[in-house]
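As structure tokens, the structure follows; a few thoughts come after it.
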């Protein structure tokens with residue numbers, strides 16, 4: 001049934017079509033990985049916090065990082081910091097860990113569950129020598145399967161996520177060998 005463009009009926013019909021075919025459409029993949037590397041930073045004791053802001057679309061720029069000193073900075077005083085910034089698609093120094101190449105998700109085996117896969121570049125160990133390190137801030141991740149990915153030459157980690165009634169969960173996945181991480185950590189904010 002035709003609707004006048006951008007009326008509420010048109011918007012509702014568009015959303016219904018999108019929802020109906022969401023599982024059949026190709027997932028948007030990020031082919032460009034933009035990095036900012038901070039070096040020569042005399043920050044001292046403290047830590048770097050990574051913040052993911054809620055976003056409705058995968059293409060939104062919603063990641064920020066900031067340094068938090070171990071002790072609060074004194075108010076009313078000047079504080080100077082000098083550091084070097086490097087920008088670009090690949091400025092990050094090599095970590096010696098296999099990178100995440102691709103990931104995806106789909107319907108899980110039980111209603112309400114999600115099935116995730118994370119493809120890693122070759123981690124330097126055979127799949128049977130690898131262990132999954134997967135966490136969920138809410139709900140449960142289980143059913144880990146690590147197998148060779150013959151299309152990429154790397155390995156694929158599969159797991160099932162049960163939100164257990166939660167509406168949001170921070171998922172993290174990496175692979176270990178000999179108790180040490182051999183891949184970077186994939187991070188995803190799942191929302192119902």
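Throughout, read-outs are computed from the coordinates displayed, never taken from laboratory work. Remember, predicted model here, so these are calculated numbers, not experimental data. We place every Cβ from the backbone using ideal geometry, glycine too, and count neighbours over all the protein chains shown.
Brief remarks follow.
- Relative packing of peptides 72-79, 115-122, 163-170, 139-146 - highest average C-beta neighbours within 10 Å first: 115-122, 139-146, 163-170, 72-79
- log₁₀ of I(q)/I(0) at q = 0.21 Å⁻¹ - region 124-164, Debye sum with one point per alpha carbon: -0.69
- Each peptide in 64-70, 155-161, 129-135 receives the mean, over its residues, of other Cβ atoms within 10 Å, and ordering these scores from highest gives 155-161, 129-135, 64-70.
- One compactness figure for region 100-191 is 1.04, namely its Cα radius of gyration divided by 2.2 N^0.38 Å.
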